[in-house]
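Visitor: Below are the structure tokens for one structure; questions will follow.
The values are calculated or read from the model by the stated rules, or taken from the named source; none is laboratory data. Source: prediction; values computed, not measured. Note that we place each Cβ from the backbone using ideal geometry, even for glycine, and neighbour counts take in every protein chain shown. The protein model used for the area step is the full one, side chains on, heavy atoms only, and it has no ligands, DNA or RNA in it. Shrake-Rupley method; radii C 1.70, N 1.55, O 1.52, S 1.80 Å.
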Amino acid sequence: MLHRHSLSRRALIRAAGAVPLLALPGVLAAADIDVSDLKDITIGAQPIGPGERKARIARAQALMRANHIGAVLIEPGSSLIYFTGVRWSRSERLTCVVLPVEGEPCIVTPFFEEPSVRESLAIPAEVRVWQEDEDPLAVVAGFLKDRKLAARPIGVEETMRYFAVDGLQHALPVAKIVSANPVVRGCRMIKTAPELALMQLATDVTIAAYRWTYPRITAGMTPQDIAALMSAATRKLGGSNEWNLILLGEAAAYPHGSGKPQKVLPGEVVLMDCGCSVQGYQSDVSRSFVFGTPSAEQRKVWEVVARGQQIALEAAKLGTPAGAVDDAVRGYYTSLGYGPDYKLPGLSHRTGHGIGMDGHEPVNLVRGEKTRLAPGMCFSNEPGIYIPGNFGVRLEDCFHMTESGPKWFSTPPKSIDRPFE
């Protein structure tokens, strides 16, 4: 839901939960929760293999040729892992990959980091190093000159930092620097069968963790208590990097919550937005229910949101602009008196976001997005309704586009009374 260049929802959740659970009196600790009745359901997960990465490089090079790009630069992060397998952190010392339009890629990294970088390198690639008193962008420029690519447009991945782009321009003044989106997005937006299988497993873990946690929620619990249950279950089931946003009562009226103290109370909404990763691929599932007996208004809003999800899925037809999915939901909500547009009470955020290795990826199901839906694209579907000062409802399930249309990773609930059936 957040703008993709701002802090992600997961970063905010983790920041909010930075205080160790054990340091908070009366709060459950995930490590102390008995999950002996659960087992790892990801044991058979197949990691991304060499053949898959070879195909990714080939696809990127085909897109480079189609878009007249000579090479693409990528810093550490999910795109570096996607193409090379290299798992590295960004720092002031540049490590990057140069994907050339033909031939093997080149990893550029500090001399003393080369052995560590090679540990996760999963493709054939040249490695060029730079010493502490040298300019790493001069090394990048040297590779481009050696491959006779210096005079061709050089694409930079959209999260690449300014100092690297500026440094390359100084090291190679004649270079025309362009966006690498046609290449990187062109590859990563279209998930392959091995990627979809990992995303399905991650979703299966989250759903199983929900089903285990739900009957254990009791009156007086805090968001941290419920999150600890979900985390313990997720880890035992085989998920990693688990994250949990738990909003109780009025806090559910604000999509990313409130800092005010919260606890489970009879007759109030519990909104859970949770996910994890399996072999680096993400899940994202939200459920809203009432602890106790729902009021007529709570039930009505829940049913409207459930219908909103279905309308979004019905609008997600192959070849349809992604923004049309958001338009369909927003039109339905407006017909019922919500909004209009992004106004409250109503739907104040986009209908969904892309998902894959990152929880939020391009492109979004949001007004004005012209990218057309194609097989392999994956999205969240989360058209919530928020009533400030009262409560909110969000149901979120992800889907992927197939040759015959959209397919759920998780099946939306049928009733506010049975949110995990």
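Visitor: For the stretch 10-30, check the following and say yes or no: at least one residue is open to solvent by less than 70 Å² (accessible area, probe 1.4 Å), at pLDDT 95 or above and not polar (S, T, N, Q).
Guide: Scanning the stretch 10-30 turns up no residue that is open to solvent by less than 70 Å² (accessible area, probe 1.4 Å), at pLDDT 95 or above and not polar (S, T, N, Q).
Visitor: Give me a count of the residues in the stretch 313-344 that are open to solvent by 60 Å² or more (accessible area, probe 1.4 Å) and either modelled with pLDDT under 95 or among the basic types (Lys, Arg) (or both).
Guide: Looking only at that region, the number is 2.
Visitor: Now for a separate question. Give just the number: which of (1) modelled with pLDDT under 95; (2) under 19 Å from the mean Cα position of the chain (by Cα) does Leu373 not satisfy?
Guide: All conditions pass for Leu373, except number (1).
Visitor: Hey, among the residues in the stretch 378-411 that are open to solvent by less than 10 Å² (accessible area, probe 1.4 Å) and not in a strand (DSSP E or B), which one's nearest to Leu248 (Cα to Cα)?
Guide: Per the stated criteria, the residue is Arg394.
Visitor: Can you spot a residue in the stretch 360-379 that is polar (S, T, N, Q) and farther than 16 Å from Ser288 by Cβ?
Guide: Our first condition is that a residue be polar (S, T, N, Q); within the stretch 360-379, this holds for 364, 371.
When the remaining residues are screened for being farther than 16 Å from Ser288 by Cβ, the result is 364, 371.
Scanning the stretch 360-379 turns up at least one residue that is polar (S, T, N, Q) and farther than 16 Å from Ser288 by Cβ.
Visitor: Then there's this: I need the full set of residues from the stretch 26-69 which are part of a loop (DSSP other than H, G, I, E, B) and among the charged types (D, E, K, R), in order please. Please lay out each step first, then the result.
Guide: First, the residues of the stretch 26-69 that are part of a loop (DSSP other than H, G, I, E, B): 26-29, 33-49, 67-69.
Matches in the stretch 26-69: Asp34, Asp37, Lys39, Asp40.
Visitor: Just a yes or no: is a residue in the stretch 191-199 open to solvent by 10 Å² or more (accessible area, probe 1.4 Å) and part of a loop (DSSP other than H, G, I, E, B)? Step through it out loud before you land on a result.
Guide: Going residue by residue through the stretch 191-199, those that are open to solvent by 10 Å² or more (accessible area, probe 1.4 Å) are 191-194, 196-197.
Those still in the list that are part of a loop (DSSP other than H, G, I, E, B) too: 191-192.
Within the stretch 191-199 (the criterion being open to solvent by 10 Å² or more (accessible area, probe 1.4 Å) and part of a loop (DSSP other than H, G, I, E, B)), the answer is yes, since at least one residue qualifies.
Visitor: Give the residues of the stretch 44-69 that are touching a Lys or Arg at 6+ places or on another chain (Cβ under 8 Å) and open to solvent by 20 Å² or more (accessible area, probe 1.4 Å), sorted by residue number. If you could, list the steps in order and put the result at the bottom.
Guide: Step one: of the stretch 44-69, the residues touching a Lys or Arg at 6+ places or on another chain (Cβ under 8 Å) are 68-69.
Passing the criteria: only His68.
Visitor: Follow-up. Going residue by residue through the stretch 345-352, is there one that turns out to be touching a Leu at 6+ places or on another chain (Cβ under 6 Å), surrounded by fewer than 22 Cβ atoms within 10 Å (Cβ to Cβ) and among the hydroxyl-bearing types (Ser, Thr, Tyr)?
Guide: Scanning the stretch 345-352 turns up no residue that is touching a Leu at 6+ places or on another chain (Cβ under 6 Å), surrounded by fewer than 22 Cβ atoms within 10 Å (Cβ to Cβ) and among the hydroxyl-bearing types (Ser, Thr, Tyr).
This table checks each residue for (1) in contact with a strand residue (DSSP E or B) (Cβ under 6 Å, 6 or more places away or on another chain); (2) of a type in the set (S, T, N, Q).
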| residue | (1), (2) |
| --- | --- |
| Tyr254 | no, no |
| Ser258 | no, yes |
| Lys263 | no, no |
| Val270 | yes, no |
| Asp273 | yes, no |
| Val278 | no, no |
| Ser288 | yes, yes |
| Thr293 | no, yes |
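Visitor: Please state which of the following conditions Glu242 fails to meet, knowing it meets all the rest: (1) closer than 21 Å to Ser380 by Cα; (2) in contact with a Ser or Thr (Cβ under 8 Å, 6 or more places away or on another chain); (3) of a type outside the set (A, V, I, L, M, F, W, C); (4) open to solvent by 60 Å² or more (accessible area, probe 1.4 Å).
Guide: It fails just one condition, (4).
Visitor: Okay, moving on. Of the numbered conditions (1) open to solvent by 50 Å² or more (accessible area, probe 1.4 Å); (2) under 21 Å from Glu421 (Cα atoms); (3) not aliphatic (A, V, I, L, M), Arg235 satisfies every one except a single condition; which is it?
Guide: (2)
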